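The values are calculated or read from the model by the stated rules, or taken from the named source; none is laboratory data. Fair warning: this is a prediction, and the values are worked out from it, not measured in the lab. With ideal geometry, Cβ positions are generated from the backbone for all residues, glycine too; neighbour counts draw on all protein chains shown.
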Amino acid sequence: MKSFYLILATCLAAPLVGCSHQSMQKIISANTHQTTMALVPAGPFVQGSDRQEREYAYRLDEARGSHAARQYQWFENESRQTVTLPAFLIDLLPVTQYNYLQFVQATGYPPPRVTEKVWKGFGLAHSYDEVRRFLWQKNKPPHQREQHPVVLVSHQDAEAYCLWLGKRLPTAAEWEKAARGTEGRYFPWGDQFDARYLNSQDKGPYDTEPVGQHPEGKSPYGVLDMAGQVFEWTATPCPDDRFVVKGGSWDDFPGVTRSAAWHCRPAALRHILIGFRCAKEAT
C-alpha cells in the first residue's frame, strides 16, 4: 500500500511527461476496490467561456466537418464568471465497471441495463446494436471491460453508488474546477486541443477504454479522464427533471470536450456515453 501511494504522489506532482503510462497503470491496478480522490482547494476559479474560447471551439469542430455546434449555438450557454467554492475531494478516475460490480454484489442493486424499447423511446442517435457491447450479462460487466468506465447508469444509479461509499455526485461547478483549475483553461491540460491527451472522436478507439490511459491529459489537480471518454453526471439540476453532464465522450468532437461545455440530460437516461465519478466535502 505504501508503494501505491508513493507512485500516486510522484505522478501527481510530476510535470506532464513525468508520469509514465506504466506508473499510472500501477495506480489503477492497486486501487481496484476504491477510487483515490484528489483534493481541490477552496477558493475562486473561472467558470464558463468567453467569445474567444467559443469561437475556437466552433472552429475546431468545423475543421473536422462538424457544423452542428455553431448551427445550434451549443456553446452559447457558457457565461464566464468567477465562482468561489469550498474545498472538496473528487475521484481521480471515473467509476469503472469493476467498481460498480462491487456495489451491485454488496447491495443487490440492479446492474446497468436498458431495454431496446426504452432506448428507442429516448430518440437517441446511436442504434441499439451499438448498445449491445455495453450490456452486462448474468450480472457481470462485458468481458474485458472491467476497467472501462461504467455506462448505462441513470442519475439515480450514480447517486446510489456514491452514497454507498459515503460520497455524492459533484456539482457542475465543482466538476469544472477540478477539470480546469483556477485560471479557466479550455482543456484540463491547457488551451490547445491535443487528440493524444484524451479518448475522443479524433483518434479513437471509438469506444470506451480502460480508465487513466492519458496521464498527459490530467487536470491541474491530477484528475484524469476529465475530457472525452464518457460524459459524467453532476448534481446540478436543469428544468424538467434533467441534470447537467460534462466532459464530452469518446464519440465527440473537441468543442464538446472542453471543461466549460455542458448540456442537460434526462435523469432517467441510461446512455452508452454517460458515466460518473464521485465527490465529497474535504474534512
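Within the stretch 184-207, one or more residues are among the aliphatic types (A, V, I, L, M), without any contact (Cβ under 8 Å) to a residue 60 or more places away in the chain, in the same structural domain as PRO237 (by TED's automatic domain parsing) and under 29 Å from ARG80 (Cβ atoms). Of the residues in the stretch 108-122, not one is in contact (Cβ under 8 Å) with a residue 24 or more places away in the chain, farther than 17 Å from SER154 by Cβ and either acidic (Asp, Glu) or out of contact with any Ser or Thr (no Cβ under 7 Å at 6 or more places or on another chain) (or both).
Being surrounded by fewer than 21 Cβ atoms within 10 Å (Cβ to Cβ), free of Cβ contacts under 8 Å to residues at least 60 places away in the same chain and touching a Lys or Arg at 6+ places or on another chain (Cβ under 8 Å): is that true of PRO220 here? Judged against the criteria, PRO220 is a match.
Residue count for the stretch 132-187, restricted to those that are hydrophobic (A, V, I, L, M, F, W, C), within 24 Å of VAL104 (Cα to Cα) and within 19 Å of the chain's Cα centre (by Cα): 11.
Has the stretch 134-141 got at least one residue that is of a type outside the set (Ser, Thr, Tyr) and either closer than 29 Å to THR84 by Cα or in contact (Cβ under 8 Å) with a residue 60 or more places away in the chain (or both)? Yes, the stretch 134-141 has at least one match. Against the conditions (1) more than 30 Å from TYR221 (Cβ to Cβ); (2) in contact with a Lys or Arg (Cβ under 6 Å, 6 or more places away or on another chain), ARG113 satisfies every one except (2). When restricted to residues that are on the phi > 0 side of the Ramachandran plot and buried (at least 24 other Cβ atoms within 10 Å of the Cβ), the stretch 223-263 contains 5.
Within the stretch 162-199, the residues that satisfy the criterion of being within 22 Å of GLN97 (Cβ to Cβ), buried (at least 23 other Cβ atoms within 10 Å of the Cβ) and not hydrophobic (A, V, I, L, M, F, W, C) are PRO170, ASN199. Residues that are touching a helix residue (DSSP H, G or I) at 6+ places or on another chain (Cβ under 6 Å) and under 19 Å from HIS67 (Cβ atoms) within the stretch 241-257 comprise GLY248, PHE253, PRO254, GLY255, listed in sequence order.
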